[in-house]
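Below you'll find the structure, written out as structure tokens, and then a few comments.
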Amino acid sequence: MKLKEAIQNLGVNRAIEVARAIANEENINWDNSLKFVFSAIVNDIERVPGNIGGNNDNEHDVIKKWLLKYHGGFSGRASQRISNPLGTVADPIIEIIIGARLNNLTDDELNKITFAHRLGMSAENILGLILEEYLSINLLDSGWHCAWGETVKSVDFVHEDGRLLQIKNRSNSENSSSSAVRNGTQIEKWYRIKADRIEYMWSFLNEICGTTDLSEDNFVQFVQQILIRNPDCLSVENNNPWNLIPEN
């Protein structure tokens, strides 16, 4: 059984009752953001993620899986996570290509380029998580709640009044789900920076969310604080020549 079917079988009120009971059993705080995020999917069935539930699951099972997915997303937020190293190795031909074009570079310089690129990829992998956490903290007082763990289809934040918001880091990172609608109403969408030039869009998000405090300067400070407090958020390979931190 999939989650969508479970909610349809139970109905809105019963599904909420079951979710609240499971949250209490699992010691997951229901009364903060969780109840608003779950309400977003039970009141709009098209927002239910399609990948939760298996053939042998019943209503209780799939709702529990959704709750654990939400809780896992919250527990793995940027300030708490330990990121894994990249799961791939660098292709040696890349250094050959660059060296053939820039033949004044030494082998050591080419090696540093390779690892600088890999470090950049690791940073890009956590950028969305850091942005999500920054917004989750700064939008909470305005009634917006983060849908941790991708628990609302095509939506990253839900408002207590039922509004939905999708966020992206760059203007060219929207996917096909961005065109999804809710009861005939377009999901509000925002991206942080334009892809073809350095232009930040924080003023538009402040307008959407009824805030005034969101800015690139504040986000930069937040990024720095996250990495100071939790350096393991960014994985740095032990053999990366840019890693100047000695092993313990």
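A short reminder: the numbers here are calculations on the coordinates, not readings from a lab. These numbers come from a predicted model, not from an experiment. Positions of Cβ are generated from backbone atoms using ideal geometry, with glycine treated the same way; all protein chains shown enter the neighbour counts.
Under 5 Å between amide H atoms, partner at least 5 residues away or on a different chain: which partners does K153 have, H built in plane at 1.01 Å?
Amide H neighbours of K153: V48.
Calculate one ³J(HN,Hα) per residue across the range 225-234 by plugging θ = phi - 60° into the Karplus curve 6.51 cos²θ - 1.76 cosθ + 1.60, and present them in order as whole Hz with x for glycine and proline.
The phi angles translate into 5, 4, 6, 5, 6, 9, x, 6, 4, 9 Hz.
Using modelled amide H (1.01 Å from N, peptide plane; none on Pro or chain starts), what sits under 5 Å from the amide H of A147, excluding residues fewer than 5 places away?
Residues meeting the amide H criterion: F157, V158.
Please give the charge dipole size of the chain, origin at the Cα centre, charges +1 on K and R Cβ atoms and -1 on D and E Cβ atoms. Round to the nearest 20 debye. Intermediate values should be presented prior to the final figure.
Numbers: 24 positive and 34 negative charges, 100 e Å.
Dipole magnitude for the chain comes out near 480 debye.
Which far-off residues, 5 or more places away or on another chain, put their amide H under 5 Å from the one on K168, with H placed in the peptide plane?
Hits under the 5 Å cutoff: W190, Y191, R192.
Run down the aspartates and glutamates and flag those whose C-alpha is under 16 Å from the C-alpha of K194, throwing out any fewer than 8 positions away in its chain.
Within reach: E124, E174, E216.
Using a Förster distance of 35 angstrom, determine the FRET efficiency expected from the C-beta separation of R197 and L140, and round it to 0.05. Before the final figure, lay out each step's value.
Values: r = 31 Å, r/R0 = 0.89.
Plugging the Cβ-Cβ distance into 1/(1 + (r/R0)^6) gives 0.65.
What full-extension length gain, to one decimal in nm, is calculated for T211 and Q224 as 0.36 nm per residue of separation minus the Cα-Cα distance?
This chain segment gains 2.4 nm when fully extended.
What's the ranking of 96-103, 206-213, 71-78 by average number of surrounding C-beta atoms within 10 Å, highest first? Walk me through the numbers on the way to the answer.
Details: 96-103: 11.0, 206-213: 14.1, 71-78: 17.2.
Packing proxy ranking, top to bottom: 71-78, 206-213, 96-103.
Excluding residues fewer than 8 places away in the same chain, name every one of the aspartates and glutamates whose C-alpha is closer than 19 Å to that of K2.
Cα-Cα hits under 19 Å: E17, D44, E46, D57, E59, D61, E150.
For the range 145-152, take each phi angle, set θ = phi - 60°, evaluate the Karplus expression 6.51 cos²θ - 1.76 cosθ + 1.60, and give the result in whole Hz per residue in order, putting x for glycine and proline.
Taking θ as phi minus 60°, the curve returns 10, 6, 8, 4, x, 6, 9, 10 Hz for the range 145-152.
Looking at the chain, send over the antiparallel percent of its DSSP beta bridges, to the nearest 5. Walk me through the intermediate numbers first.
Working: 8 of 13 bridges.
Antiparallel bridges: around 60 percent, rounded to the nearest 5.
What ratio of Cα Rg to 2.2 N^0.38 Å holds for the chain? Numbers along the way, then the final one.
Details: Rg = 21.2 Å, N = 248, 2.2 N^0.38 = 17.9 Å.
Compactness ratio reported: 1.19.
What list of ³J(HN,Hα) couplings, whole Hz, do you get for the range 96-107 from phi and the Karplus terms 6.51, -1.76, 1.60, once you set θ to phi - 60° and write x for glycine and proline?
Rounded to whole hertz, the list is 5, 4, 5, x, 6, 7, 10, 6, 8, 7, 7, 4.
Which value, in nm² and rounded to one decimal, describes the direction-averaged projected area of the C-alpha convex hull of the range 21-159?
Working: hull surface 48.8 nm².
Averaging across all directions leaves 12.2 nm² for the Cα convex hull.
So what is the relative contact order of the chain, in percent, for Cα pairs below 8 Å that sit 6 or more residues apart? Write down the numbers at each step before the final one.
Numbers: 309 pairs, mean separation 53.5, N = 248.
Reported relative contact order: 22 percent.
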